[in-house]
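A.B. asks: Before we start, here is the structure in question, set down as structure tokens.
The values are calculated or read from the model by the stated rules, or taken from the named source; none is laboratory data. Keep in mind that this is a model prediction, so the values were computed, not measured. We place every Cβ from the backbone using ideal geometry, glycine too, and count neighbours over all the protein chains shown.
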Amino acid sequence: MLHIYTGNGKGKTTAAVGLAVRACGAGLRVAVFQFLKNGSSSEISVLRSLPGMTVETCECCNKFVFRMSEEEKSAVKKRHNEELSAAIELVRSGKADMLIMDELIGAFNMKLVDENNALLLTELAKDCEIVLTGRDPDERFIAAADYVSEIAPVRHPYEKGITARKGIEY
């Protein structure tokens with residue numbers, strides 16, 4: 001089944017990580033692939049310690065895309081496509097019961113991942129639970145999804161000038 005966590009609110013990755021932990025606790029083989037993130041977020045070390053959990057991140061993604069040179073974007077796209085290929089292979093080989101594709105939607109929207117391979121995930125969701133996170137998903141993802149959860153901001157400390165806090169926002 002295909003799950004999508006979207007919206008402008010905080011909590012898309014948090015929801016996906018929670019589902020990954022639940023699935024891992026039930027004995028499922030889970031793979032978390034992060035796009036547009038370099039692996040420095042606080043949940044990564046804990047996820048890597050769980051049995052049956054695979055975690056891949058984009059270590060070369062060290063700044064916001066709008067601040068990247070074309071060369072940096074090219075390196076990020078190359079790494080994203082490697083992650084995507086590895087995820088597809090895990091499903092095809094029957095070695096994953098769940099894929100978390102964190103911020104794949106953002107990478108897709110910024111053309112930092114191969115479109116055809118990303119859309120292939122909608123077909124592979126018949127063989128594996130696939131979770132996509134990110135804002136403004138392409139209608140093709142929405143049409144194929146079994147679950148779509150939209151996280152809306154009602155209130156956020158950022159409105160009071162409080163910046164992102166380690167262990168809470170990252």
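A.B. asks: Answer with yes or no whether I4 is outside any helix (DSSP H, G or I) and β-branched (V, I, T).
C.D. replies: Yes, satisfied.
A.B. asks: I've got another one for you. Could you check segment 11-67 and list, in sequence order, the residues that are among the basic types (K, R) and within 19 Å of M1 (Cα to Cα)?
C.D. replies: Of everything in segment 11-67, those that are among the basic types (K, R) and within 19 Å of M1 (Cα to Cα) turn out to be K12, R22, R29.
A.B. asks: Say we look at segment 1-36 and pick out the residues that are in contact (Cβ under 8 Å) with a residue 60 or more places away in the chain and out of contact with any strand residue (DSSP E or B) (no Cβ under 7 Å at 6 or more places or on another chain); which of these is farthest from A107 (Cα to Cα)?
C.D. replies: Applying the filter and picking the extreme gives R29.
A.B. asks: Would you confirm whether any residue within segment 135-156 is in contact with a helix residue (DSSP H, G or I) (Cβ under 9 Å, 6 or more places away or on another chain), of a type in the set (D, E, K, R) and crowded, with 19+ Cβ neighbours inside 10 Å?
C.D. replies: Within segment 135-156, not a single residue is in contact with a helix residue (DSSP H, G or I) (Cβ under 9 Å, 6 or more places away or on another chain), of a type in the set (D, E, K, R) and crowded, with 19+ Cβ neighbours inside 10 Å.
A.B. asks: In addition: Going through segment 151-170 one residue at a time, which ones are β-branched (V, I, T) and more than 20 Å from the chain's Cα centre (by Cα)?
C.D. replies: If the condition is that a residue be β-branched (V, I, T) and more than 20 Å from the chain's Cα centre (by Cα), then V154, I162, T163 are the ones that fit.
A.B. asks: Filter segment 114-138 down to the residues that are within 14 Å of G7 (Cα to Cα) and not hydroxyl-bearing (S, T, Y) and list them by number.
C.D. replies: L132, G134, R135, D136, P137, D138
A.B. asks: Filter segment 107-134 down to the residues that are surrounded by fewer than 19 Cβ atoms within 10 Å (Cβ to Cβ) and either in contact with a Gly (Cβ under 9 Å, 6 or more places away or on another chain) or basic (K, R) (or both) and list them by number.
C.D. replies: Matches in segment 107-134: N109, K111, K126, D127.
A.B. asks: For K63, which of the numbered conditions (1) surrounded by fewer than 16 Cβ atoms within 10 Å (Cβ to Cβ); (2) touching a residue at least 12 places away in the same chain (Cβ under 8 Å); (3) part of a loop (DSSP other than H, G, I, E, B) fails to hold?
C.D. replies: Among (1) surrounded by fewer than 16 Cβ atoms within 10 Å (Cβ to Cβ); (2) touching a residue at least 12 places away in the same chain (Cβ under 8 Å); (3) part of a loop (DSSP other than H, G, I, E, B), the lone unmet condition for K63 is (2).
A.B. asks: Only one of E43, E71 is acidic (D, E), surrounded by fewer than 22 Cβ atoms within 10 Å (Cβ to Cβ) and farther than 21 Å from E129 by Cβ; which?
C.D. replies: E71
Table: residues versus (1) acidic (D, E); (2) touching a His at 6+ places or on another chain (Cβ under 9 Å).
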| residue | (1), (2) |
| --- | --- |
| C128 | no, no |
| E139 | yes, no |
| I142 | no, no |
| V148 | no, yes |
| I151 | no, no |
| V154 | no, no |
| E159 | yes, no |
| T163 | no, no |
| E169 | yes, no |
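A.B. asks: Further, regarding this structure: Tell me, yes or no, whether segment 16-24 has at least one residue that is at pLDDT 95 or above, among the charged types (D, E, K, R) and either in a strand (DSSP E or B) or closer than 29 Å to P157 by Cα (or both).
C.D. replies: The answer is yes, given that some residue of segment 16-24 is at pLDDT 95 or above, among the charged types (D, E, K, R) and either in a strand (DSSP E or B) or closer than 29 Å to P157 by Cα (or both).
A.B. asks: In this structure, is T163 among the hydroxyl-bearing types (S, T, Y), exposed (fewer than 15 other Cβ atoms within 10 Å of the Cβ) and farther than 14 Å from A31 by Cα?
C.D. replies: Here the answer is yes, as T163 does meet what is asked.
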